[in-house]
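Nothing in this text is a laboratory measurement; each read-out follows from the coordinates by a stated rule. Computed from a predicted model, the values in this text were never measured in an experiment. Glycine gets a Cβ as well: all are built from the backbone with ideal geometry, and neighbour counts include every protein chain shown.
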Amino acid sequence: MAEDNGHEATHWDPFPASAAEDQRRSDRVPDTPQTRSPTYRLAYADDAFLTSEPLRGVRLQLEMLKPEMALQEAGILSTVVLFGGARIPEPGKPAWAARNPRQRERLEANARYYDEARRFAGLASCHSANTSGGKEYVIVTGGGPGVMEAGNRGASDVGAVSIALNITLPHEQAPNAYVTPELCFNFHYFAIRKMHFLLRAKAMAIFPGGFGTLDELMEALTLIQTGRMEPIPVILFGRSFWERLIDFEFLAEEGTIAPEDLSLFSIVDTAEEGWQIIRDFYGI
């Protein structure tokens, strides 16, 4: 039974030692052959055990819980997901990912989407900061370079918070410098990362990109189409890019999607058009 001693009451706990305290105690035990054995390590403090194959299910759960708990603590209620190519450079910067002159030309021409993503994120973030104190319509990106950087940068431009869900890849990378540090997360599992993208999503802004962007777009459209996810605005930026890349009308003509499925997304060219679709959808 909790005592009222002028401090906030807490529930009675007959096991007062915390896991963190026991870990500190374990670190101070005498150095013997027995205590040096891996079997003696506390299970939750044993990296080799936690990263072993049988513990995959536990790691999946941990990767689900850690960002969720942090976002709840930060009071983040809803997000605007911004996807797009990591290889698209900031205007005036070299196309670092180009493998030939043609790719360099196209990537540098597509740099306009960096600016459009930055402006769109600024519009959403201004609304977020001014109406909910940065709790609703918070920009979330994959945390990388290119269009993702532009999204986090647009939020930073107006003094708003933004989220990044980064992923560990074979080549070294770090989150872009514009993410709110306390809302920057790193993932091992693509599947759990994609769940977190959609759990609070009120809208998706999809800029030109590659396989990853297409994967994220198609999964969201599938979830909405099949009724596993509530409809939200899915906005494709860059009419000339998307209409050349995917002939959505052809899919409807062939019967592989229903004609009404064409209404699950919108195609726009400007940040203002995209943000207006979200405003109209939610009446904000």
### Query
Once the other residues with Cβ under 11 Å from the Cβ of PHE187 are scored (Lys, Arg +1; Asp, Glu -1), what is the net sum?
+3
### Task
Lys and Arg at +1, Asp and Glu at -1: add these up for the other residues within a Cβ distance under 12 Å of PHE281 and post the number.
0
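What list do you get for ASP27, ASP22 if you sort them by fewest beta carbons within 10 Å? Write out the running numbers ahead of the final one.
Working: ASP27 9, ASP22 13.
Going from least to most buried by this count: ASP27, ASP22.
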### Summary
With Cα springs under 10 Å, the Gaussian network model of the chain assigns the largest mean-square fluctuation among THR180, THR32, THR222 to THR32
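Fewest to most neighbouring Cβ within 10 Å: what's the order for ASP31, ASP46? Before the final figure, lay out each step's value.
Details: ASP31 7, ASP46 15.
Final ranking by Cβ density, sparse to dense: ASP31, ASP46.
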### Query
What is the stretch 15-165 by shape, rounded, prolate or oblate, if you read a ≥ b ≥ c off the alpha carbon gyration tensor as root eigenvalues and call it rounded for a/c under 1.5, prolate for a/b larger than b/c, and oblate otherwise?
oblate
### Message
Viscosity 1.567 mPa s, temperature 4 °C: give me the Stokes-Einstein translational D for the chain in µm²/s, with Rh taken as the Kirkwood radius over C-alpha pairs.
### Response
60 µm²/s
### Message
Per DSSP helix of 4 or more residues, -39500 (n - 2.57); summed, then divided by the residues of the chain. What does that give at 222 nm, rounded to the nearest 500?
### Response
-13500 deg cm²/dmol
### Task
Sticking to Cα atoms, compute the Rg of the stretch 159-264 to one decimal and its Dmax as the biggest Cα-Cα distance, whole number, in Å.
15.8, 47
### Query
If each residue's Cβ is checked for other Cβ atoms within 10 Å, how do TYR137, TYR189, TYR178 rank with the fewest at the top?
TYR189, TYR178, TYR137
